[in-house]
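Accompanying notes for the structure given below.
The values are calculated or read from the model by the stated rules, or taken from the named source; none is laboratory data. Small disclaimer: the values here were computed from a predicted structure and weren't measured. Virtual Cβ from ideal backbone geometry, glycine too; neighbours counted across all protein chains shown. Accessible surface areas use protein heavy atoms only, side chains included; no ligands, DNA or RNA. Shrake-Rupley method; radii C 1.70, N 1.55, O 1.52, S 1.80 Å.
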Amino acid sequence: DVKVTQSSRYLVKRTGEKVFLECVQDMDHENMFWYRQDPGLGLRLIYFSYDVKMKEKGDIPEGYSVSREKKERFSLILESASTNQTSMYLCASNPPRVTKTQYFGPGTRLLVL
Amino acid sequence: AQKVTQAQTEISVVEKEDVTLDCVYETRDTTYYLFWYKQPPSGELVFLIRRNSFDEQNEISGRYSWNFQKSTSSFNFTITASQVVDSAVYFCALYAGGTSYGKLTFGQGTILTVHP
């Protein structure tokens, strides 16, 4: 079974803090994704990565950055957290060219005070 | 550009009722994939089904069935004899664009509540 894990299920941070969200997958997938989920808006893609050290902006990259130093790990960084970044963050991965099916982690609920 | 619309924000049914979740998509690509995911209260999205644009055959898996109609750009999901465990948020998603990255466009989600 594909396993995607995220470092925290719940996180509370203060405005202006630097926040790291970690995602690890154990299936040697090339592609990894970060989404945020907000009520009524579905999932929106923040960033994705198709290889180590490679990244592409998604639909809402503003206020975020990412890091992929190892194939299995994809980090989302909030350089200076703001209250409008309070959300559910979901990480996903998939192998390239094959099924396009993404496998998701359990999500991190981030509250920025 | 790709777009997925799930017009039903919330649906509430009583156990054993049948329920259909609607999904309408937009794409100019002739090759694409459609997906349904389930998100139970635990938060993790669970993959339910994938369909490619060349396969319009309907699919049944236990109490779940999917109706794919290219003529109406719809990919609807029916749960027969619903159960309390079906309560979740359900997402329809579209992949199109010809890259290998697998970027998905998601609908807004439908919250399904099944009452005992």
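Things worth noting here:
- Within the stretch A:7-24, the set of residues being in a strand (DSSP E or B) and either modelled with pLDDT under 95 or open to solvent by 20 Å² or more (accessible area, probe 1.4 Å) (or both) comprises A:10, A:11, A:12, A:13, A:20, A:22, A:24.
- The condition of being open to solvent by 30 Å² or more (accessible area, probe 1.4 Å), modelled with pLDDT of 95 or more and either within 22 Å of residue B:106 (Cβ to Cβ) or in contact with a strand residue (DSSP E or B) (Cβ under 9 Å, 6 or more places away or on another chain) (or both) holds for residue A:63.
- Cβ-Cβ distances below 8 Å connect the following pairs, each with a first residue in the stretch B:20-41 that is farther than 16 Å from residue B:59 by Cβ and assigned to a loop (DSSP other than H, G, I, E, B), a second residue that is among the aromatic types (Phe, Trp, Tyr) and open to solvent by 10 Å² or more (accessible area, probe 1.4 Å), and a separation of six or more residues or different chains: B:31/B:54.
- Taking first residues from the stretch A:33-55 that are within 8 Å of chain B (Cβ to nearest Cβ) and closer than 16 Å to residue A:73 by Cβ and partners that are outside any loop (DSSP other than H, G, I, E, B) and acidic (Asp, Glu), the Cβ contacts under 9 Å between residues at least 6 apart in sequence or on separate chains come to A:48/A:56; A:50/A:56.
- Consider the stretch B:1-19 and keep the residues that are within 13 Å of another protein chain (Cβ to nearest Cβ) and either within 12 Å of residue B:89 (Cα to Cα) or basic (Lys, Arg) (or both). The one that is most open to solvent (accessible area, probe 1.4 Å) is B:10.
- The set of residues from the stretch B:20-48 being facing another protein chain (nearest Cβ under 10 Å), within 10 Å of the chain's Cα centre (by Cα) and not hydrophobic (A, V, I, L, M, F, W, C) comprises just one member, B:37.
- Any hit, the stretch B:49-68, residues being open to solvent by less than 50 Å² (accessible area, probe 1.4 Å), within 14 Å of chain A (Cβ to nearest Cβ) and touching a Ser or Thr at 6+ places or on another chain (Cβ under 9 Å): yes
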